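Please read the structure below before turning to the comments.
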Amino acid sequence: MFGYMRALRGDADEACDIVERSLKALRGMYATGWVLWGAEVGGTLVLARRHDDAIAFAEDLIVLARRVGAAGSEASALQFLGDAVAATGDGGDGAAAQSYRHALALAEALSMRPLAAQCHAGLARLAFRAGRRTDAGEHLATATAMYPGMGMTYWLEKVTRDTSAFA
C-alpha cells in the first residue's frame, strides 16, 4: 500500500524500491499473500510506468486468483492489466478494452463499485483515443456519476483531467 501511495504522489523511484521489496516478500508467500497484496503491487507497477512488469505480474495474478477462487483479486488484476496494456498504446478494441470489460463484469457481479468506476474510466479513455466519442461519453458519464457517491474525488478529478484533452 505504501508503494502505491508513493506512486500516486509521483515518487516513482521510491515506489519502485518498495515494489521490489514487496515482490521479493510476495514470492515467498503462499497464494493468499499474492491475491491479497497483488493488486496493490500491480497498480504500483503501472503508476511507476513499469508496464511490461505490470503486464506479466497481472497475468500471473489472474491465473493464481482463478486457481484459488479469488474473484475480487482477479477483477482487480484485470483492471490493472487494462491500465498497463493501455499505457503501451493498445487501441480501444484490443486487449486493454477486453481486460476492462472482463474486470467490469466481475466488479459488477461482486458489487465492487470503486473498481467498476475505474473500469468505466479506463474504457472512456480508450474510446476517446479511438475516436468513439459516444462510447467514451457513456463510460465517462458513468464513472463521473459513480465517483462522488463513493468519496473518490481524486479519481473524479483525474478522469476529468485525462479526458478533457479529447473534449
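Taking neighbour Cβ counts within 10 Å as the exposure measure, how do Y147, Y154, Y100 sort from fewest upward? Kindly include the intermediate steps, with their values, before the conclusion.
Numbers: Y147 24, Y154 10, Y100 28.
Ascending number of Cβ neighbours within 10 Å: Y154, Y147, Y100.
If you bin the C-alpha pair distances of the range 53-167 every 10 Å from 0, what whole percents do you get?
Values per bin, smallest distances first: 16, 47, 31, 6, 0.
Can you put L115, L47 in order, fewest other beta carbons within 10 Å first? Spell out each step's value before the answer.
On the way: L115 21, L47 25.
Taking fewest neighbouring Cβ atoms as first place, the list is L115, L47.
The numbers here are math on the coordinates, done by the rules we state, and not lab data. All of these numbers come straight from a predicted model, not from anything done at the bench. In this analysis, Cβ positions are derived from the backbone assuming ideal geometry, glycine residues included, and neighbour counts consider all displayed protein chains.
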